[in-house]
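First comes the structure, then the notes that go with it.
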Amino acid sequence: MDAAGVIDYQPKTYDRTPMANSYEKIELGSWSDFKALFDGNTYRSWAFRGQSDASWPLYSSLTRYLENFHVHQDNWVGQERRILRIFRRKAHLLGTQLPDNDDSFEWLALMQHHGAPTRLLDFTWSPHVAAFFALERATGSAAVWAICPPKLSTERFRTIRPSQETDAEEIGPWIRGNYERYFLPNQNKTVIIGEPHRMNQRLVAQSGTFVMPGVLNISVERIVADQCSHGAIVKIVLLQSLRRDAMKELYSMNITNATLFPGMDGLARSLGFELEFHWAFDPVTNEVYPGYRKD
């Protein structure tokens, strides 16, 4: 699970109270419709997350783990703090390029990179990368969630900086101490988008970024819809009918697991789609392409 947010099991819906405000939903039935939607400036500089089941809400892996294994909510803060402390104490035995000890955001990004449950949700600045992660293993309708960073700021919290400089009004975890102050207490209904100053190889390959919620038991789409300005989040449902055309074109764009996950793991993961693909013929329909023959 990385920047585009692959989730391999069904999360629960933890907060079932009616949503104060809704969000826009767009349903697409063809890959040409998807390309047309992003052919322009409407979604420029938005962040995207692909999920292979359109019914799944936006919860972090940390929330899903705590809920699925029935950890009492009174213990969530302490247990989240505990696993970060454990990772910091032991990671030096396994790695050489480690974050500064007080840069909690970079530590969380490293934990996320290696599969630990954290409150980070993997997003990407590329709608095509998000579409790949949504569709690669989808067997029904998938979804790409889109969030507009400037619209996340509220009267209470400033969540985005206009430049690389920071100031005291920001709550972003890229400012040291802000994770412990604004996020770990699990009390602030806010969402931020950003990445640590030092990025790992997968974040670079996937044009990746992170979404971090200030509370764990409320889904990101609910927080954004209820707390932020209208139009801050959009759910784009991708019907199963567009998958084949989309995956073939994404493959031709060199958007594959092998490129998005540099290394042996990515190469191995990329072999799944190779079962559906061949340069000379269509393995699904058995159609032989002009100029080729099926050996």
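The values are calculated or read from the model by the stated rules, or taken from the named source; none is laboratory data. All figures in this text were calculated on a predicted structure; none of them were measured in a lab. FYI the Cβ positions are ideal-geometry reconstructions off the backbone, even for glycines, and counts take in every protein chain you see.
Computed values, structure above
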quantity: Test result for ASP8, at pLDDT below 95, buried (at least 18 other Cβ atoms within 10 Å of the Cβ) and closer than 24 Å to ARG202 by Cα; calculated: no
quantity: Qualifying strands (runs of 3 or more DSSP E) (wholly inside region 190-295; at least 2 residues being under 25 Å from GLY29 (Cβ atoms) and not basic (Lys, Arg)); calculated: 233-238
quantity: Test: residue in region 221-230 that is in contact with an Asp or Glu (Cβ under 7 Å, 6 or more places away or on another chain) and surrounded by 16 or more Cβ atoms within 10 Å (Cβ to Cβ); calculated: yes
quantity: Meets criteria (at pLDDT below 90, under 23 Å from VAL204 (Cα atoms) and not small (Gly, Ala, Ser)) for MET253; calculated: no
quantity: Residue check for LEU62: part of a helix (DSSP H, G or I), at pLDDT 95 or above and either loosely packed, with under 11 Cβ neighbours inside 10 Å or not acidic (Asp, Glu) (or both); calculated: yes
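Condition check ((1) surrounded by fewer than 23 Cβ atoms within 10 Å (Cβ to Cβ); (2) free of Cβ contacts under 8 Å to residues at least 40 places away in the same chain; (3) in a helix (DSSP H, G or I)) across all residues:
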| position | (1), (2), (3) |
| --- | --- |
| TRP76 | yes, no, yes |
| ILE86 | yes, yes, yes |
| HIS92 | yes, yes, yes |
| THR96 | yes, yes, no |
| ASP100 | yes, yes, no |
| HIS128 | yes, no, yes |
| ALA131 | no, no, yes |
| ALA134 | no, no, yes |
| VAL144 | no, no, no |
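Residue by residue, here is whether (1) over 30 Å from LEU66 (Cβ atoms); (2) among the β-branched types (Val, Ile, Thr); (3) outside the structural domain of ASP102 (by TED's automatic domain parsing) holds:
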residue: GLY194; (1), (2), (3): no, no, no
residue: ALA205; (1), (2), (3): no, no, no
residue: LEU216; (1), (2), (3): no, no, no
residue: GLY231; (1), (2), (3): yes, no, no
residue: ILE236; (1), (2), (3): no, yes, no
residue: ASP245; (1), (2), (3): yes, no, no
residue: ARG269; (1), (2), (3): no, no, yes
residue: LYS294; (1), (2), (3): yes, no, yes
